[in-house]
Amino acid sequence: MSETELYYEDVELGDEIGPIRREVTDEQVRHFVSIWEPERGPNRFTSAEVADSEGLPNTIVPGAMNIAIMSQLITGWSSTVALRKLDVVFRQMVFHEIPLRLVGVITDKNELDGENQVEGDIYLE
């Protein structure tokens, strides 16, 4: 978690979140899949051979793991921020062992039922 303390008043429309850089390793994916679906055998997430048989150039990072990684951009942004909702649109596959850049931008601020809320768009490159 971040040592930074941001408050509603500190955030403006257009402010950038991040960027952070990550690289998802084969070992991280195997560990994630072993927890997520412990009974699952070799698959397109853990086996280059299975990925190849499905027409993929390499093993891919599971969508659920991509969501977890993207949520870390928000939860690591400030110790005062709570993630309430995360909608995800998958536009392409993410492969293992490639540099990733996660970044976001603040798109809206409002108060709802006495709670300050900030909205943003985040993406993984």
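List of remarks:
- Taking the criterion of being open to solvent by 50 Å² or more (accessible area, probe 1.4 Å), assigned to a strand (DSSP E or B), in contact with a strand residue (DSSP E or B) (Cβ under 9 Å, 6 or more places away or on another chain) and not β-branched (Val, Ile, Thr), the residues of the range 113-125 that qualify are ASN116, GLN117, GLU119, ASP121, TYR123.
- Test result for ARG44, without any contact (Cβ under 8 Å) to a residue 60 or more places away in the chain and basic (Lys, Arg): yes
- Taken over the range 1-15, the criterion of being under 16 Å from SER79 (Cα atoms), of a type outside the set (Ser, Thr, Tyr) and open to solvent by 50 Å² or more (accessible area, probe 1.4 Å) is satisfied by MET1, GLU3, GLU5, GLU9, ASP10.
- Matching residues, the range 86-107, being in contact with a Ser or Thr (Cβ under 7 Å, 6 or more places away or on another chain), open to solvent by less than 70 Å² (accessible area, probe 1.4 Å) and either among the charged types (D, E, K, R) or in contact (Cβ under 8 Å) with a residue 60 or more places away in the chain (or both): HIS96
- Filtered residues of the range 16-47 (kept if open to solvent by 40 Å² or more (accessible area, probe 1.4 Å), part of a helix (DSSP H, G or I) and either of a type outside the set (A, V, I, L, M) or at pLDDT 95 or above (or both)): ASP26, GLU27, GLN28, ARG30, HIS31, PHE32, SER34, TRP36
- Matching residues in the range 48-74 - criterion: being closer than 17 Å to GLU97 by Cα, open to solvent by less than 40 Å² (accessible area, probe 1.4 Å) and either assigned to a loop (DSSP other than H, G, I, E, B) or polar (S, T, N, Q) (or both): LEU56, THR59, VAL61, PRO62, ASN66
- Breaking point among (1) more than 16 Å from the chain's Cα centre (by Cα); (2) within 26 Å of GLU16 (Cα to Cα); (3) surrounded by 11 or more Cβ atoms within 10 Å (Cβ to Cβ); (4) of a type in the set (S, T, N, Q), for ASN110: (3)
The values are calculated or read from the model by the stated rules, or taken from the named source; none is laboratory data. No experiment lies behind these values; they were computed from the predicted model shown. Cβ sites come from the backbone with ideal geometry, for glycine too, and all protein chains shown count toward neighbours. Just so you know, the surface numbers come from the protein's heavy atoms only, side chains and all, with ligands and any DNA or RNA stripped out. Shrake-Rupley method; radii C 1.70, N 1.55, O 1.52, S 1.80 Å.
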